[in-house]
1. Using the Karplus curve 6.51 cos²θ - 1.76 cosθ + 1.60 with θ = phi - 60°, work out ³J(HN,Hα) for each residue of segment 111-122 in order, rounded to whole Hz, and write x for Gly and Pro.
2. Expected output is a single nm value to one decimal: the length gained when fully extending between residue 149 and residue 128, i.e. 0.36 nm times separation in residues minus the C-alpha distance. What is it?
3. For a quick check: with amide H placed at 1.01 Å from N, whose amide H comes under 5 Å from residue 237's, ignoring anything fewer than 5 positions away on the same chain?
4. Given charges of +1 on the Cβ of Lys and Arg and -1 on the Cβ of Asp and Glu, with all other atoms neutral, how large is the dipole of the chain about its Cα centre, in debye to the nearest 20?
5. Can you give me the convex hull volume of the Cα atoms of segment 104-251, divided per residue and expressed in Å³?
6. Among 30, 113, 91, whose Cα lies farthest out toward the positive end of the dipole of the chain, if unit charges sit on the beta carbon of Lys, Arg (+1) and Asp, Glu (-1)?
7. For segment 94-148, which GluC sites (Glu not before Pro) are both in a DSSP coil and crowded by at most 11 other Cβ atoms within 10 Å?
8. Across the Cα atoms of segment 6-247, what radius of gyration and what greatest pairwise Cα-Cα distance (Dmax) are found, in Å?
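What follows draws every value from the coordinates through simple rules; no lab data is involved. It should be emphasised that the depicted structure is a prediction, and the values quoted were computed from it without experimental measurement. FYI the Cβ positions are ideal-geometry reconstructions off the backbone, even for glycines, and counts take in every protein chain you see.
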Amino acid sequence: MPGTAVNNADRPDQPHWKVEELLAGSWRGATSVLISNGRCHIVVDTGMPHEAHLLVKALENRGIGPADVRLVINTHFHIDHVLNGNLFGRSLIYATQHSFDWSRSLYSDLADGQNWEKLVLKYYPETLLHERARTHMANLRKLALRWWDVKRLGAPEQFRWIETHPLPEGIEAFVTSGHVPGHVSLLVSTGENVTVIAGDALLSREREEDERVATMIPHHSEQFRLDRARLLGLGDRILPGHDHEFTVVGD
Ligand SMILES: [Zn+2]
């Protein structure tokens, strides 16, 4: 829609959204999602640079170019979720400032070659309780040093913090801080059901599969457990952060 003011996307008058997987999540890659009402296209989580061409292709298969995307929403700033924001130069980019500040500070501390193992305990206080945490931390550090670059997120003037800027009608940000502080899952009213775009608050359909996902330990494991249970109670259809979508079967 060339020439349309970007702000028009904030309050589309057509509230019925359709939600589709653009890139299916797996143990090694995050789910990217399209929310669209036919006029306003929104991408949730953009993935990593090596997935950029796949994301663009998935959009083009639906007749959507990157310039047609009006909003990008980041569930959180783990590297596997956010590094193609710069593909969407005409989009507003929504995220929580809480999650952004927390992650930026974490990546900066991880770059401290001398002290990173100690510094990381500020962000992941449960590190010593998790058997595989040291491996996770070392991997996260490697990824952060290799890939983290705020320029890949998009330009600062595109950012809108969810704390102060409401999402379009029919899309609710639901804070799920167990994974990382300020993480949001999205509850989308489609007219037929409530679809949950979980981000990493719900990694896989089966809880046991979570172990296989190459992501971090929870910031707060009890909160993580509660977040997951709440999302399963709120939605009829769930798109996990690292698995295929599924339908919640009522009891
Ligand atoms: Zn994550």
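1. 6, 7, x, 7, 10, 4, 5, 7, 4, 5, 5, 5
2. Using 0.36 nm per residue and subtracting the Cα-Cα distance, I get 4.7 nm.
3. Those lying under 5 Å, H to H, from residue 237 are 194, 196, 248.
4. So the dipole magnitude of the chain works out to roughly 640 debye.
5. Normalising the Cα hull of segment 104-251 by residue number yields 133 Å³.
6. Highest projection toward the positive end goes to 113.
7. Here the GluC sites (Glu not before Pro) that fit, given the DSSP loop and packing criteria, are 131.
8. 16.9, 54
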